[in-house]
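Participant: Have a look at this one.
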Ligand SMILES: C[S@@+](CC[C@H](N)C(=O)[O-])C[C@H]1O[C@@H](n2cnc3c(N)ncnc32)[C@H](O)[C@@H]1O
């Protein structure tokens, strides 16, 4: 069944402008580089970028570690076309795939790490929970999810700044982010250990990086 989703910049005709927008208005490269560096500090052979969008994060990973097998998954065929063309120009072998927003097209325990940036504030609470269950299923035992997204801001100005994405992307979709509920959702989804790595003040609110690890005795592949 095809599910509805919020495209990268809220409406489909703005998708080609997502990369210039992120470069101009967000500390995109700093956040994605930090997230990738944090993930790559552990022993990884296979990595998935969930909600990969135009593929910027997957490309950062592949460029710093060409030996790693990198995949990207997204619901939007239009954004995946941009990702594929960027990867082809850089001759980066990344497997970008589309899906219907339900079960991930991967076997249990097939990834050592899953990265995800700016996706969870696009998902309704039940979609967040379903995505976390799938992420947990396709991570190997001892593997981690590295997530960057809007979080409860530490001051009123940043909280006000998050009102624009909240209005555009939907107050229901952004509610858990605004209330700082992402860490408890990660715990509820069965991740054993959740750590916050960094906080970034942006024009649109505060962004946090989280690592959520599956205990070595949980998850799929040993
Ligand atoms: C703001 S963009 C971020 C893209 C990319 N991760 C980045 O940081 O540049 C949000 C992305 O989430 C994708 N998305 C929305 N709902 C999704 C779902 N249920 N599963 C996977 N991707 C989804 C959108 O298609 C879009 O590419």
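Participant: Given a Förster radius of 25 Å and the C-beta distance between residue 172 and residue 11 as r, what FRET efficiency does 1/(1 + (r/R0)^6) yield to the nearest 0.05?
Facilitator: For R0 = 25 Å, the calculated efficiency reads 0.90.
Participant: Can you tell which of 203, 59, 147 shows the greatest fluctuation in a Gaussian network model of the chain with Cα springs below 10 Å?
Facilitator: Top of the fluctuation ranking is 203.
Participant: Can you work out the PRE-style zone for residue 4? Point 7 Å along Cα to Cβ, and I want the residues of region 100-140 with backbone N under 17 Å.
Facilitator: The answer is 101-102, 122-128, whose backbone nitrogens lie closer than 17 Å to the label point.
Participant: When DSSP beta bridges are limited to those with both residues in the chain, what percentage is antiparallel, rounded to the nearest 5?
Facilitator: Roughly 45 percent of the beta bridges in the chain run antiparallel, per DSSP.
Participant: Still on this structure, I have one more. So if R0 is 30 Å, what FRET efficiency would residue 67 and residue 155 give, r being the distance between their Cβ atoms, rounded to the nearest 0.05?
Facilitator: Given R0 = 30 Å and the Cβ-Cβ separation, E is 0.10.
Participant: In addition: What does the C-alpha gyration tensor say about the overall shape of region 86-219? Classify as rounded when a/c is under 1.5, otherwise prolate if a/b is larger than b/c, or oblate.
Facilitator: In terms of gyration-tensor shape, prolate.
Participant: Sticking with this one: In what order do 34, 188 fall by count of nearby beta-carbon atoms within 10 Å, going from fewest to most?
Facilitator: Going from sparsest to densest Cβ surroundings: 188, 34.
Participant: Using a/c under 1.5 as the rounded threshold, could you call region 59-119 rounded, prolate or oblate? The axes a ≥ b ≥ c are square roots of the C-alpha gyration tensor eigenvalues, and prolate needs a/b larger than b/c, oblate otherwise.
Facilitator: oblate
Participant: Another question, if that's okay. To make sure I understand, if each residue's beta carbon is the centre and we count other beta carbons within 10 Å, what order do 211, 127 fall in, fewest to most?
Facilitator: 127, 211
Participant: Could you put 167, 54, 202 in order, starting from the residue whose Cβ has the fewest other Cβ atoms within 10 Å?
Facilitator: Ascending Cβ contact count within 10 Å gives the list 167, 202, 54.
Participant: Here's something else I'd like to know. With a ≥ b ≥ c the root eigenvalues of the C-alpha gyration tensor of region 1-105, is it rounded (a/c under 1.5), prolate (a/b larger than b/c) or oblate?
Facilitator: Taking the square roots of the gyration eigenvalues as a ≥ b ≥ c, region 1-105 is oblate.
We did not get these values from a lab; they are worked out from the coordinates using the rules stated. What you are looking at is a predicted structure, and each value in this text was computed from that prediction instead of being measured. Neighbour counts run over all protein chains shown; Cβ positions are idealised from the backbone, glycine included.
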